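Right, one structure below, let's go through it.
The values are calculated or read from the model by the stated rules, or taken from the named source; none is laboratory data. As the structure is a prediction and not an experimental result, all values here were calculated from the model. Every residue, glycine as well, gets a Cβ built from its backbone with ideal geometry; the counts of neighbours run over all protein chains shown. These area figures cover heavy atoms from the full protein model, side chains too; ligands, DNA and RNA do not enter into them. Shrake-Rupley method; radii C 1.70, N 1.55, O 1.52, S 1.80 Å.
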Amino acid sequence: MRTLALSLALALLCLLHTEAAATVPDRSEVAGKWYIVALASNTDFFLREKGKMKMVMARISFLGEDELEVSYAAPSPKGCRKWETTFKKTSDDGEVYYSEEAEKTVEVLDTDYKSYAVIFATRVKDGRTLHMMRLYSRSREVSPTAMAIFRKLARERNYTDEMVAVLPSQEECSVDEV
């Protein structure tokens, strides 16, 4: 009986380890080009400017075991505005990263690693803590399922419909030259 219990416990441990390993993304699936297609925030700037915002392109690259770089390209009246942010992984409990240069923490709330990702960002600016959710998509057209997940997570974080913006598509503003 003792041997059977020990065998079952060992089998369960192996199963849990296998499931945990399966949840770790293959970096080749995460890396590459994404579109930021929707946002949710309650900041004054976002609420005032959300009607003027357009889709942003992003490129995710891994620089090392626990470091990633996100390059952004956004349209502006003066052309294509580009910038980069480097993040370091802060925890093995989920995908949480921190950037000292931007004083920003980002957490992956939900993703299938292939077509969409919902990211929650927290930034400290001028002594205030600002929050924003982003829906990343591999294509300009996001699936209805991914949009439903984004809206559900936004409601769970107390964002109202007025605090959510689905960004219109735009001419390509490429991150390739960043």
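Using r as the Cβ-Cβ distance of D66 and H131, and R0 as 25 Å, what FRET efficiency do you calculate, to the nearest 0.05?
Approximately 0.60, to the nearest 0.05.
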Which pairs in the list K54/K78; K88/K152; K33/K114; K54/K104; K33/K82 are over 18 Å apart, alpha-carbon to alpha-carbon? K88/K152; K54/K104
In Å², rounded to a whole number, the accessible area per residue of the range 27-166 with probe 1.4 Å is 56
Mind giving me the nanometre distance, one decimal, between the label points for T122 and K82, set 7 Å out from Cα along Cα→Cβ? 3.2
Note: L47 to S143 extended length (0.36 nm per residue) minus current alpha-carbon separation gives 32.1 nm
Three-way shape call for the range 27-166 based on the alpha-carbon gyration tensor, with the a/c threshold at 1.5: rounded
